[in-house]
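Read the structure below first, then the notes.
The values are calculated or read from the model by the stated rules, or taken from the named source; none is laboratory data. The shown structure was predicted, so the numbers you read here are calculated from the model rather than taken from an experiment. With ideal geometry, Cβ positions are generated from the backbone for all residues, glycine too; neighbour counts draw on all protein chains shown.
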Amino acid sequence: MTQGELRKALQVYFIMGSPNTEQPALQVLEEAIAGGITIFQFREKGRHALKGEAKRALARGLQQLCRAHGIPFIVNDDIDLAVALDADGVHIGQEDEPVDQVRARIGNKLLGVSVHTVEEAKLAVAQGADYLGLGPVFPTGTKEDAKEVQGVSLIQKLRELGMDIPIVGIGGIHAGNAGEVVAAGADGVSVITAISQAGSPLKAAQDLLEAVNSQVRKG
Ligand SMILES: Cc1ncsc1CCOP(=O)(O)O
Ligand SMILES: C=C1C=NC(C)=NC1=N
Ligand SMILES: [Mg+2]
């Protein structure tokens, strides 16, 4: 997809794995898609994460849902799984395989990288990242080893430096604060709890899309 199409696809970036919800993950994703999420990431992480065939089976089910609705399906961390499923892309952090090695393995699939500093952002862009995940923007309990909360400062800094790489903010984001993240220069917002733990994942997705669309990306 073109960079413009990617910016649009990053507007409401839902991330989920089985540990993030008490409901069946397939049902939550179905509702989130109906509510208007624009891209999905399978992130099976944490103490109760599925492994092996159970993880693969869930990934395939979630991928089929995304395919049925034309939603890009991204896999977090697990490059082997992404390649095996022919996923639309992968997302890696600073402690995963180096960006250039992952790029060599996935060809022109989407490649997202989590960054926390200007230096990490510049390196990721130089090595061929298609988009960056910046955060944690607000406090979050979802990722135990999250770095210090940085607000929208790094988003603003990268735009001030003239970096126009597609960006999503992540960490403690919901419909009430998503506008601020886009106003600071992000192309979209990435959420786990705001949708996966919502009474209505459909309404949560709708509210996030509305909050993002109510802002024109500045910077
Ligand atoms: C994966 C990740 N990276 C930085 S914060 C975070 C967790 C975001 O989860 P939530 O949207 O529930 O705060
Ligand atoms: C840590 C992350 C940051 N950003 C995104 C989009 N996904 C992640 N897993
Ligand atoms: Mg990782």
Here the residues within the stretch 82-100 that are within 16 Å of ligand 1 (Cβ to nearest atom) and without any contact (Cβ under 8 Å) to a residue 12 or more places away in the chain are E95
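Against the condition more than 16 Å from ligand 3 (Cβ to nearest atom) and over 13 Å from S196 (Cβ atoms), how does L58 come out, does it pass?
For L58, the condition - more than 16 Å from ligand 3 (Cβ to nearest atom) and over 13 Å from S196 (Cβ atoms) - is met.
Which ones in the stretch 69-81 are touching a residue at least 12 places away in the same chain (Cβ under 8 Å) and either in a helix (DSSP H, G or I) or among the β-branched types (V, I, T) (or both)? Reasoning before the result, please.
So in the stretch 69-81, the residues touching a residue at least 12 places away in the same chain (Cβ under 8 Å) come out as 69, 71-79, 81.
Correct list: H69, I71, I74, V75, I79, L81.
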Give just the number: which of (1) outside any loop (DSSP other than H, G, I, E, B); (2) without any contact (Cβ under 8 Å) to a residue 24 or more places away in the chain does A198 not satisfy?
-> (1)
Taking the options E97, E119, E148, name whichever one is over 28 Å from A175 (Cβ atoms) and away from ligand 3 (no atom under 13 Å from the Cβ).
-> E119
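Out of the residues in the stretch 166-179 that are more than 21 Å from P19 (Cα to Cα) and surrounded by fewer than 19 Cβ atoms within 10 Å (Cβ to Cβ), state the one that is farthest from ligand 1 (Cβ to nearest atom).
G179
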Under the condition of being touching a Gly at 6+ places or on another chain (Cβ under 7 Å) and assigned to a loop (DSSP other than H, G, I, E, B), which residue from the stretch 158-195 is farthest from S214 (Cα to Cα)?
-> G171
Could you check A68 against (1) within 24 Å of L154 (Cβ to Cβ); (2) more than 15 Å from ligand 1 (Cβ to nearest atom); (3) exposed (fewer than 14 other Cβ atoms within 10 Å of the Cβ) and say which number it fails?
-> (1)
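Quick check on this structure: which one of I74, I106, I37 is more than 30 Å from K203 (Cα to Cα) and at pLDDT 95 or above?
Working: I74 fails: more than 30 Å from K203 (Cα to Cα); I37 fails: more than 30 Å from K203 (Cα to Cα).
From the options I74, I106, I37, the qualifying one is I106.
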